[in-house]
1. Within segment 43-50, is even one residue open to solvent by less than 40 Å² (accessible area, probe 1.4 Å) and touching a Lys or Arg at 6+ places or on another chain (Cβ under 6 Å)?
2. I'd like the full set of residues that are more than 13 Å from the chain's Cα centre (by Cα), of a type in the set (A, V, I, L, M) and either surrounded by 15 or more Cβ atoms within 10 Å (Cβ to Cβ) or farther than 19 Å from Leu117 by Cα (or both), limited to segment 168-191.
3. For segment 197-228, how many residues meet the condition of being open to solvent by less than 10 Å² (accessible area, probe 1.4 Å) and among the hydrophobic types (A, V, I, L, M, F, W, C)?
4. Between a residue in segment 240-264 that is under 14 Å from His311 (Cβ atoms) and any residue that is charged (D, E, K, R) and part of a helix (DSSP H, G or I), which pairs come within a Cβ distance under 9 Å, given they are 6 or more apart or on different chains?
5. For segment 235-353, which fully contained helices (runs of 4 or more DSSP H) count at least 1 residues that are acidic (Asp, Glu), under 29 Å from Asp118 (Cβ atoms) and open to solvent by less than 20 Å² (accessible area, probe 1.4 Å)?
6. Spot the failing condition for Cys79; the list is (1) open to solvent by 60 Å² or more (accessible area, probe 1.4 Å); (2) of a type in the set (A, V, I, L, M, F, W, C); (3) not in a helix (DSSP H, G or I), and only one is missed.
7. Are any residues in segment 81-121 free of Cβ contacts under 8 Å to residues at least 12 places away in the same chain, over 20 Å from Asp173 (Cα atoms) and of a type in the set (Asp, Glu), and if so, which ones?
Amino acid sequence: MSDDRRMLAETMRRYLSEQYGWEHRLRVAYTAPYHDPQKWTGIAGLGIFYALVGEDRGGMGGAGFDIAVIFEELGRALCPEPLLGAVMAARLLSAAGAPLTDLLSGDQRYAVAIGELDAPYDLDGITCTAEDGGDGWRLTGRKSVVYGGGVADRLLVAARAEERLALFDVAADDADLRPYPMIDGGPAAELLLDGAKAKLLIADATSALTDALDWGALALTAEALGAMETTYAMLLDYLGTRKQFGQPIGAFQALQHRAVDLAIEIEQARSIVILAASAMAGPDQAKRVAQAKHLVGRIARTVAEEAIQMHGGIAMTWEYPVSHYAKRLVMIDHQLGDTDHHLERLIEQLQTG
């Protein structure tokens, strides 16, 4: 944590605590457009998006730790703003040599459409196709659970063109988007393409897409870390205030041991997120990201389940935050590859050296 990153974290934490209180989050996360456009503008006004890329691309960060700092604070506040699309779009647009001005200023919102119903994680299974009809490229197919898709201005879409996986830029107005909230809140959409006009950005995009998925996975692990730490803090507070048999339930040794086990698991998660962040843009990026997404996904589910169990019935109520943090922690495991998917990736990485 350099001074600049510490300042970045403090800025995000202060803004989200003042502008994104719990009641506000509940109001906007599950009601169209499933986020707060004014708060998106506010986050952009803080210059947060400039931390997503390096100085060579007009930013002021771009390292793994910059992404981790931002998303850890988003996780703490359980903020549903779709910044994940901005992280991945920044990597893809940079790989394409395209301008980033509108993304960094927040004037245009990007969503990245890769996963499909039958290929949620696997690039090799993508069936969306692109054809050059003489008047430009046209895309046909369906993309599923496009995070932030329903509120995006532009979509970066992976599709097959001339037997290669390519990347295209599609205006949201030229696509058929079916928006909905995710089960944990926040905007997503189904993207239906039937000859939609598109601009070719990268003809052979497999490497760029894999890289963007890695950076998105890093962001999700950091978000999970922030959410787990907040959940754990709420659990400790509850154990110290809820009484049975005339004493706080935190005095019972069995619950103390379970709480300590969770603390150790969360520290393991922090360690692997730090390791993955340090490996970004290096030769071990894919290996470390796979390790982090696998381990954090497993730990996040454990934290969610244990927090609900030790809270009891109150944890299942809509008004109590733990239930919403638990849903987000479980959902993070399924975004951009679940624990099983990344375990397979890690095994492949270790086998190939």
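1. First, the residues of segment 43-50 that are open to solvent by less than 40 Å² (accessible area, probe 1.4 Å): 43-44, 47-49.
Remaining after also requiring touching a Lys or Arg at 6+ places or on another chain (Cβ under 6 Å): none.
No, there is no match, as no residue in segment 43-50 is open to solvent by less than 40 Å² (accessible area, probe 1.4 Å) and touching a Lys or Arg at 6+ places or on another chain (Cβ under 6 Å).
2. Val170, Ala171, Ala172, Ala175, Leu177, Ala189, Leu191
3. 13
4. Qualifying pairs under 9 Å: Arg258/Glu306; Ala259/Glu306; Leu262/Glu306.
5. 321-334
6. If we test Cys79 against (1) open to solvent by 60 Å² or more (accessible area, probe 1.4 Å); (2) of a type in the set (A, V, I, L, M, F, W, C); (3) not in a helix (DSSP H, G or I), just (1) comes out false.
7. Matches in segment 81-121: Asp118 only.
Yes/no matrix, rows are residues, columns are (1) crowded, with 18+ Cβ neighbours inside 10 Å; (2) assigned to a loop (DSSP other than H, G, I, E, B):
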| residue | (1), (2) |
| --- | --- |
| His35 | yes, yes |
| Gly59 | yes, yes |
| Phe71 | yes, no |
| Gly75 | yes, no |
| Leu84 | yes, no |
| Met88 | yes, no |
| Ala95 | no, no |
| Leu104 | yes, no |
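The values are calculated or read from the model by the stated rules, or taken from the named source; none is laboratory data. Only a predicted model underlies this, so the values are computations on that prediction, with no experimental measurement involved. Cβ sites come from the backbone with ideal geometry, for glycine too, and all protein chains shown count toward neighbours. These accessible areas exclude ligands, DNA and RNA; they are computed on the full protein's heavy atoms, side chains included. Shrake-Rupley method; radii C 1.70, N 1.55, O 1.52, S 1.80 Å.
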